[in-house]
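This report concerns only the one structure given below.
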Amino acid sequence: MITSETSKPQAATRRTQEERSAATREKVIQATIDCIVEEGLHNTTAARITARSGITWGAIAHQFGDKDSVLFAVVERNGEIYRKLIDATLAEAGDTPEERIAALIDVTWKYINEPSSFAFNELVIQNRARNNPMIMGQQEDMSFRQMQSTWDKFFGEFDIAQARLETVRNLTLATLQGLSLMRLISHRRPSFKNEITALKECALQMLTVEP
């Protein structure tokens, strides 16, 4: 009599402690971002973070320490998302100033409308009163040093004066942030396609035409 062998299902690979900790951190950070964006920073309490993440506050405190450290992790996550977007864009951007400014404005507009960026802006506003030095340091790094480094990567080879590059950078960021704010207060959620096209033309002229 011939019997067929039945294969036994392989046992699921057990996650390491490091993997479990990383998964916990990810759930908490994402839950905090979602809470800030959807309910406002003032409603982002320990209880709401616990409810949204499905993780007890004791486990969260073990991972992060306290609520300020959770908020700091949100700021760090925002920076990570920006760096990944920029690196991917720079790898595929063209070689001319026109191609570079178009790619940089497009990716910056995408980044500014990410939930993590909205959460970051909420924290910037709140921290004016609280002056948490840890969060302030990350905010300053993200808002100035990282932005300057990014623009230098995109345009450093074109021998553009730093003062002019800084002016174009500040104008671009202020315009995109303003458009993003206008999207927040509009029920239509406009794309601002024409405005962004005009910004690209203006920025390119400022970068390439001698005053």
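Can you find, among Asn132, Pro190, Ala174, the residue farthest towards the positive end of the dipole of the stretch 112-202? Put +1 on the C-beta of Lys and Arg, -1 on that of Asp and Glu. Looking along the dipole axis, the top candidate is Pro190. Structural descriptor for the chain: relative contact order 20 percent, calculated from alpha carbon pairs under 8 angstrom and at least 6 residues apart.
The base-10 log of I(q)/I(0) for the chain, evaluated at q = 0.11, 0.14, 0.17 Å⁻¹, reads -0.64, -0.92, -1.18 [Debye formula, identical scatterers on Cα atoms, solvent excluded]. Measure nothing fancy, just the Cα-based angle from helix 193-208's long axis to the longest principal axis of the chain, in degrees from 0 to 90, nearest 10. For helix 193-208, the angle is close to 60 degrees. Sequentially through the stretch 108-118, phi angles give Karplus couplings (6.51, -1.76, 1.60; θ = phi - 60°) of 5, 5, 4, 5, 4, 9, 6, x, 5, 6, 4 Hz, Gly and Pro residues having no value and appearing as x.
Counting neighbouring beta carbons within 10 Å and listing from fewest to most, the residues Glu140, Glu210, Glu122 come out as Glu210, Glu140, Glu122. Among Arg20, Arg188, Arg52, the order by Cβ neighbours within 10 angstrom, fewest to most, reads Arg188, Arg20, Arg52.
What are the semi-axes of the equivalent ellipsoid for the stretch 18-65, taken as the square roots of 5 times the Cα gyration tensor eigenvalues, largest first, in whole Å? Please report the intermediate quantities before stating the final value.
Details: eigenvalues 70, 23, 12 Å².
Largest first, the stretch 18-65 gives 19, 11, 8 Å.
Against the main long axis of the alpha-carbon atoms of the chain, helix 17-39 sits at an angle near 50°. Ranked by how many other Cβ atoms sit within 10 Å of their own Cβ, fewest first, the residues Asp34, Asp106 fall in the order Asp106, Asp34.
Every number here is computed from the coordinates shown, using simple stated rules; none is lab data. This is a predicted model, so every value here is computed, not measured. Virtual Cβ from ideal backbone geometry, glycine too; neighbours counted across all protein chains shown.
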